[in-house]
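Visitor: Structure provided below as structure tokens; questions to follow.
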Amino acid sequence: MARIGAHVSISGGLEKSIERGEALGCEAIQIFTKNQLQWRSSPVAQSKADRFCRSWAASGIESVVVHASYLINLAAVDATGPRSVTALEEEIERCDTLGIDDIVLHPGSSRGRDADEALDLVSERLSQILDRTRHKRVRILLETMAGQGDILGRDFRQLKRIIEGAGWHYRLGVCMDTCHLFAAGHDIRSRAAYQRLVDQAEEAVGLDRVGCWHLNDSFHELGRGLDRHAHIGEGALGYEPFAFILNDPLWEETPCILETPLDSAGHARNMAILRKLRGG
Ligand SMILES: [Zn+2]
Ligand SMILES: [Zn+2]
């Protein structure tokens, strides 16, 4: 079965994320390993990692994925570029210490430059990072983006170009975000349309590279390029696309993570809806 869960906070300590996930009945969680809006970071102390790993092992949570800092932009040609490379390497180190295998990463922003050149720079930097961390198993999952402005990753062609440019490295994958895909023009509201999306992903990067789903309804209509998440069933996507994903044997053991707003009942109600849509 697909593993359902939510993005949860680490406030109070990394192991608190496990408690929060358990309280919600999560089978998978996503966390930031540090403040996602600050560059500053430090390695995870072994004692903290041990506490986290003990809590995780004693819980019903099967998968933990990390979302990389929002500041990282591997396509940047100013000082942010090298800074991003360092930050992603540090993120890989932290995940390795915590026993986490997957990092979700926004592909970056071309900031007005030629998109293909920007994508090639991302490939080059990813290759270097993966090479320098070659003894780690941590994978980088490039997230499908809504296509706003200069943001890279709006379509499978762009994600394919990055992965291809990095020599189809086995530690590169993709995270599919339902809200972003819909904003970028993928209509997944009928079974046939959902199947077309799956076929496109298979054709572009191969389905074994899809390491995570972000399950978010979309506040905005199809193809608007606008990234605003809505509660499951309350946006333009409705319930059906989530049922297609959660009952598709393709996503056996794949983390399916809510990043829906924390207002009203927050994740608890959305978790209940996903459980129902999955039929158990
Ligand atoms: Zn994201
Ligand atoms: Zn989003």
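The values are calculated or read from the model by the stated rules, or taken from the named source; none is laboratory data. Given the structure is predicted, the values throughout are model-derived calculations rather than measurements. With ideal geometry, Cβ positions are generated from the backbone for all residues, glycine too; neighbour counts draw on all protein chains shown.
Visitor: Conditions: (1) more than 30 Å from His135 (Cβ to Cβ); (2) in contact with a Ser or Thr (Cβ under 9 Å, 6 or more places away or on another chain); (3) not in a loop (DSSP other than H, G, I, E, B). Cys212 meets all but one. Number of the miss?
Guide: The failed condition is (1).
Visitor: Tally time: how many residues in the range 74-86 are out of contact with any helix residue (DSSP H, G or I) (no Cβ under 6 Å at 6 or more places or on another chain), touching a residue at least 40 places away in the same chain (Cβ under 8 Å) and closer than 12 Å to Leu126 by Cα?
Guide: Count: 2.
Visitor: Checking Cys175 against (1) part of a loop (DSSP other than H, G, I, E, B); (2) within 14 Å of ligand 1 (Cβ to nearest atom); (3) at negative phi: exactly one of these is not met. Which one?
Guide: (1)
Visitor: Kindly provide the set of residues from the range 219-249 that are over 16 Å from the mean Cα position of the chain (by Cα), within 15 Å of ligand 2 (Cβ to nearest atom) and not charged (D, E, K, R), ordered by number.
Guide: Phe219, His220, Gly225, Leu226, Ala230, His231, Ile232, Gly235, Ala236, Leu237
Visitor: Still on this structure, please answer the following. For Ala268, only one of the following conditions fails: (1) over 18 Å from the mean Cα position of the chain (by Cα); (2) over 19 Å from Cys26 (Cβ atoms); (3) touching a residue at least 60 places away in the same chain (Cβ under 8 Å). What is its number?
Guide: Here Ala268 meets the rest and fails (2).
Visitor: Checking Glu253 against (1) away from ligand 2 (no atom under 16 Å from the Cβ); (2) part of a loop (DSSP other than H, G, I, E, B); (3) touching a helix residue (DSSP H, G or I) at 6+ places or on another chain (Cβ under 9 Å): exactly one of these is not met. Which one?
Guide: Condition not satisfied by Glu253: (3).
Visitor: Return the pairs, sorted by first residue and then second, in which the second residue is within 11 Å of ligand 1 (Cβ to nearest atom) and among the acidic types (Asp, Glu), the first residue lies in the range 142-156 and is over 18 Å from Leu126 (Cα atoms) and at pLDDT below 95, the beta carbons are less than 8 Å apart, and the residues are 6+ apart or on different chains.
Guide: Listed by first residue and then by second, the contacts come to Gln148/Asp227.
Visitor: Further, regarding this structure: Step by step: first the residues of the range 74-99, then only those that are outside any helix (DSSP H, G or I) and within 16 Å of ligand 1 (Cβ to nearest atom), then the one that is nearest to Gly149 (Cα to Cα). Which residue is that?
Guide: The residue in question is Ala75.
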